[in-house]
Structure formats: structure tokens, C-alpha cells
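Just so it is clear, none of the values below were taken in a lab; they were calculated from the coordinates. The structure presented is a predicted model; accordingly, all values stated were derived computationally and were not measured. Cβ placement follows ideal geometry from the backbone for every residue including glycine, while neighbour counts extend to all protein chains displayed.
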Amino acid sequence: MLVDGGKPSDGDFVVDFIRELGYARIDHVVMTHTHDDHIGGLINVLDNFEAGELWMSVYNENTPLLLDFITKVEEIGPSIKWVARDDAYEIDDVNVTILNPPKGSTLNRLGGPNGASIVIRFEYEATSILLAADIDSSRDRELVNIYGDHLRGTVLKCAHHGSEISNSQQFLTAVKPLIAIVSTGPSQYNYPSKITMARIEKMVPDVYRTDKDGTVIVIMDGENVSIKTR
């Protein structure tokens, strides 16, 4: 499974990394939401690998890059699966649960593409990882109200690049990760927020940032989690 592909300029890196892992096919490609910095690299991925399913959530915008992506999907032909809250799957002994978006929601109700982001929890035996996509604090507090301690995760891929309006104290308390990863880099928005990073670093024992630590590789064997960076 591949979750998002970064900006268009990240496509070559993603393709090279997948090849390094030895894969020629991706069974499940997840587009968490429609912003360019999440779908851009997926076009290159679809050009280079066979894909089984494309998981998507609600959207109603048509940016040039999104139109290019949809055109590529129609050309290549992965089947589209529309996913929403509480959809659950077992993939190679890993339990996969969709926590967001809610079923039957509209983009307007969710506050735009970020609010409609696909949030996924993976559980493998005694270890788990929560990928929070680009949800903001209003959405993460909703998840706390719904799931409470069931959000608990060994690893948290923090929401929205560590922006000021993400990763609330309530959310971090509920997830209670041992490891947090903030995916971020140079941008016009100056992510991550110093306030948010201070909160994460106070509440999580081990924190990684891709702008400082480079590529963060999480290895889970069902009992233990180890981290490699490069």
C-alpha cells in the first residue's frame, strides 16, 4: 500500500524508493485528499507501477493537477474504492481501519479537502500506526470524541505537516504515541508551527521531522518498532 505521493517533484524519489524495496505492483494506492502536495507524485507512480485499487474520499474540486491525475487513473485502470469512517480491512495480517471522513459527508460540511482527508489506523499484532493526513484540530477532536483510547497508536504520522491548527493536545493524549513523525519541508506556510512542535515534543518521547532527519523508515515486527533515517 502507498499512501499519497508528495508534490509532482517528489515523484521520481517515490518511484525509486518503491523500486528499492523490490516492488513491481502496488495493490492499494491511497489518495488521502486532493491537494497537490499529496497527489502530485502519484502520477509518476502510476506511470511506473501496476496498481490494483485507488482509495479515495469525497471531493468536488477540479484543479489542473487533479484532472491530470484522474485522466491518468482512467488510462491505467486501477479500480476506485470510495472509503469512509469505520471501513475495515485485513491486508496481509494487518488490520486497516478508516477513521475519517465520516460516511455520507460533503466537502462543505468537512471544511474542504483537508477535513475530508483519509485518516488510517494500521494495527499489526501489538503495534500500530496512525496516519493523520491533513486534518485540523476540529477534526482530530471529533475523532477523540468518537474513538477515545481506541485511537492509541505506537507511531503517529502527525497531521497537516505540524501546522498551528493541527495535532491538538486532546488528540495527542488519546493517541499517546511513543514515536511521532512530522512530514514537512520548505513551503510558503512555514510548517511546522513552533507552537505545535513544542506540544508534540512535550507529549511524545521520540519525535522525527523529515526536514531535519530526512527520510524516516518505520520497521514494525508486531512486537517492536524501530526507526531508520537517511
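Test of understanding: given the chain, find the longest segment containing no GluC sites (Glu not before Pro) that are in a DSSP loop and have at most 14 other Cβ atoms within 10 Å. Counting at most 14 other Cβ atoms within 10 Å as exposed, the longest clean stretch of the chain is 126-222. Under 5 Å from the amide H of Val207 lie the amide H atoms of Ala180, each residue being 5 or more positions distant or on a separate chain, with H modelled from the backbone and absent for Pro and chain starts. With the gyration tensor restricted to C-alpha atoms of region 88-206, the semi-axes of the equivalent ellipsoid amount to 21, 19, 13 Å, longest first. Counted over the chain with a bin width of 10 Å, the fraction of Cα pairs per bin, in whole percents, is 8, 33, 40, 18, 1. Here the sum of -39500 (n - 2.57) over DSSP H runs of 4 or more residues, divided by the residues of the chain, equals -9000 deg cm²/dmol at 222 nm, to the nearest 500. In terms of distances greater than 27 angstrom between alpha carbons, the cross-link table entries Lys72/Lys194; Lys7/Lys194; Lys7/Lys202 yield Lys72/Lys194; Lys7/Lys202.
Karplus-derived 3J(HN,Hα) values for region 191-200, using 6.51 cos²θ - 1.76 cosθ + 1.60 with θ = phi - 60°, are 6, x, 5, 4, 5, 5, 5, 4, 5, 4 Hz; glycine and proline are entered as x.
Put the Cα centre of region 161-179 next to the Cα centre of region 88-126 and the gap is 17 Å.
Summing charges over neighbours of Gly222, with a neighbour being any other residue whose Cβ is under 9 Å away from its Cβ, gives -4 when K and R count +1 and D and E count -1. Charged side chains reduced to their Cβ positions (Lys and Arg at +1, Asp and Glu at -1) give region 70-133 a dipole of some 480 debye around its Cα centre.
Fewest-first ordering of Arg141, Arg209, Arg230, Arg19 by other beta carbons within 10 Å of each residue's beta carbon gives Arg230, Arg19, Arg141, Arg209. Sorted ascending by nearby beta carbons within 10 Å, beginning with the fewest, Leu131, Leu42 become Leu131, Leu42.
How charged is the neighbourhood of Val30? Take every other residue with its Cβ under 10 Å from the Cβ of Val30, and add Lys/Arg as +1 and Asp/Glu as -1. Neighbourhood net charge equals -1.
For the chain, what is the relative contact order in percent, using Cα pairs closer than 8 Å and at least 6 residues apart in sequence? Across the chain, relative contact order equals 12 percent. Mind putting a number on the dipole of the chain about its Cα centre? Charges go on the C-beta only, +1 for Lys and Arg and -1 for Asp and Glu, and I need it in Debye to the nearest 20. Dipole of the chain, to the nearest 20 debye: 840 debye. Between Leu67 and Ile91, what is the FRET efficiency for a Förster distance of 22 Å, r being their Cβ-Cβ separation, to the nearest 0.05? E between Leu67 and Ile91, to the nearest 0.05, is 0.15. Taking only alpha carbon atoms, region 1-82 gives an Rg to Rh ratio of 0.93, where Rh is the Kirkwood radius. Please list the non-local residues whose amide H lies under 5 Å from the amide H of Ser128, H modeled 1.01 Å from N, same-chain partners needing a gap of 5 or more. Distant-sequence amide H within range of Ser128: Thr154, Val155.
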